[in-house]
Amino acid sequence: MMKIPFSPPYVDEDVIKEVIDTLNSGWITTGPRVKALEDLICEYTGCKAALGVNSWTSGAMLFMKWMGIGPGDEVIVPAYTYSATALAVLNIGATPVMVDCGDGFGISVDGIRKAITAKTKAIMPVDIGGWPCDYDAINALVEEKEIKSQFVPSSSFQKQLGRITVISDAAHSIGALYKGKRSGSLCDVTIFSFHAVKNVTTAEGGAVCFNLPKGFDHEECYRLLRRFALNGQTKDAFTKTTGGSWRYDIVEQGMKCNLPDLNAAVGLVQLRKYDDLLRQRKEIFEFYERAFSKRDWAILPYGKTENRESSYHLYALRFKGLTESQRDELIDLITPTGVSVNVHFVPMPMLSFFKESGYKIDHFPRAFDQYQNVITLPIYPGLTNDQLNYIVESIEASYYKLTGKTKAVGL
């Protein structure tokens with residue numbers, strides 16, 4: 001029996017060397033390696049400015065609070081996502097308004113339209129598994145005359161933008177493509193996660209990427225948000241140690257969300273070689289695609305179409321006709337084979353906190369339909385063909401054992 005973990009972090013000798021060099025440099029908190037990572041993110045994604053932060057959640061909270069979202073405001077989010085998407089909204093005092101799935105796991109654009117009110121300050125689509133949402137449709141929606149006429153700005157940022165802000169929850173999608181553009185440059189603001197299980201990791205961390213319309217000074221936005229991420233302090237610690245006056249001031253009620261150099265060192269190495277890491281993920285995704293496309297009971301996730309390509313962060317395989325309890329039984333059968341699988345995600349209205357807050361899964365039937373029969377498979381650099389064959393065989397054998405069906409001869 002093989003033992004195949006679900007998603008171990010990618011750490012090679014280059015990562016270890018960079019971390020050791022950082023430790024030996026005498027500077028481990030926010031400094032030159034963070035700036036180098038921010039610059040590399042801009043180069044890779046095409047965004048106009050990027051700020052390293054210590055998690056996706058803190059980055060989302062930081063940006064929304066900085067742009068003036070707070071109590072009484074609404075942010076539209078999908079019901080089908082990890083809880084951090086809505087919790088970031090709640091943690092700044094605003095209200096998450098949940099919308100059902102549209103095509104696949106992504107948020108319904110028609111659902112977004114119906115959810116917009118005069119209180120709506122932002123829309124936060126989520127690229128589940130690395131598959132980009134329909135950003136052209138969402139960006140066009142917020143520019144519609146009727147939609148813009150409802151918008152009530154409550155800060156100078158919102159007034160300058162003059163409409164609802166589109167914030168991409170791109171926790172899964174660094175490297176994804178939408179109509180020739182990379183995730184990070186598809187809407188006003190994109191927030192990446194660099195958590196341990198993500199395609200690019202800094203152990204914990206993330207980045208807020210700006211791609212605002214003409215009229216915004218992106219360098220100034222970066223400077224102001226960077227200050228806001230450091231308690232509203234006018235001079236960071238690295239600057240104070242590199243000459244000039246030590247004196248600083250606190251000019252606003254900021255937050256503490258900065259990314260340390262020690263973390264950035266890991267991400268720097270990974271992003272430098274990300275083309276190869278992404279290629280390996282794609283090859284594994286396509287291996288699964290070839291294997292399961294032969295099965296009439298399998299519903300395959302999107303990988304690549306004419307206008308979109310995934311970052312291949314997750315392989316979310318669905319099973320036709322399985323109920324939630326049968327899916328759970330299937331996982332119980334797969335687990336003893338040594339193959340670790342997962343479920344991404346339990347829709348937020350099914351979680352106790354959100355249920356107790358008044359959200360009802362009955363209002364999101366497509367989200368429940370996607371969730372009840374899905375499992376996510378291991379997909380990461382380093383998996384061998386022998387391991388992939390074993391994963392496929394273990395899943396198929398478990399499915400046939402569960403359902404009592406027989407594998408077709410020759411397949």
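The values are calculated or read from the model by the stated rules, or taken from the named source; none is laboratory data. Remember, it's a predicted structure, so these values are computed and weren't measured experimentally. No Cβ is skipped: glycine too gets one built from the backbone with ideal geometry, and neighbour counts run over all protein chains shown. Just the protein is used for accessible areas: all its heavy atoms, side chains included, with ligands, DNA and RNA removed. Shrake-Rupley method; radii C 1.70, N 1.55, O 1.52, S 1.80 Å.
Consider region 183-205. How many of its residues are in contact with a strand residue (DSSP E or B) (Cβ under 6 Å, 6 or more places away or on another chain), assigned to a loop (DSSP other than H, G, I, E, B) and either buried (at least 24 other Cβ atoms within 10 Å of the Cβ) or aromatic (Phe, Trp, Tyr) (or both)? Matching residues across region 183-205 total 4. Here GLY358 fulfils each of the conditions (1) surrounded by fewer than 19 Cβ atoms within 10 Å (Cβ to Cβ); (2) over 14 Å from ILE128 (Cβ atoms); (3) in contact with a helix residue (DSSP H, G or I) (Cβ under 8 Å, 6 or more places away or on another chain); (4) of a type in the set (Gly, Ala, Ser) apart from (3).
Sort out which residues of region 90-123 are open to solvent by 40 Å² or more (accessible area, probe 1.4 Å), part of a strand (DSSP E or B) and hydrophobic (A, V, I, L, M, F, W, C), and write them in order of number. Break it down stepwise before answering.
Going residue by residue through region 90-123, those that are open to solvent by 40 Å² or more (accessible area, probe 1.4 Å) are 90-91, 95, 103, 110, 113-114, 117-119.
In the following step, the residues that additionally are part of a strand (DSSP E or B) were identified as 95.
Selection gives nothing.
The number of residues in region 269-309 being in a helix (DSSP H, G or I), among the aromatic types (Phe, Trp, Tyr) and either within 20 Å of GLY104 (Cβ to Cβ) or open to solvent by 20 Å² or more (accessible area, probe 1.4 Å) (or both) comes to 4.
Among the residues of region 226-235, those that are assigned to a helix (DSSP H, G or I) and out of contact with any Phe, Trp or Tyr (no Cβ under 6 Å at 6 or more places or on another chain) comprise ARG226, ARG227.
Take the conditions (1) among the β-branched types (Val, Ile, Thr); (2) open to solvent by less than 80 Å² (accessible area, probe 1.4 Å); (3) outside any helix (DSSP H, G or I); ILE391 misses just one of them, which is (3).
Residue-wise test of (1) surrounded by fewer than 20 Cβ atoms within 10 Å (Cβ to Cβ); (2) among the hydroxyl-bearing types (Ser, Thr, Tyr); (3) at positive phi; (4) assigned to a loop (DSSP other than H, G, I, E, B).
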{"site": "ILE16", "(1), (2), (3), (4)": "yes, no, no, no"}
{"site": "ASP21", "(1), (2), (3), (4)": "yes, no, no, no"}
{"site": "GLU38", "(1), (2), (3), (4)": "no, no, no, no"}
{"site": "CYS47", "(1), (2), (3), (4)": "no, no, no, yes"}
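Here ILE138 passes the criteria (1) part of a helix (DSSP H, G or I); (2) touching a residue at least 12 places away in the same chain (Cβ under 8 Å); (3) open to solvent by 10 Å² or more (accessible area, probe 1.4 Å) except the one numbered (3).
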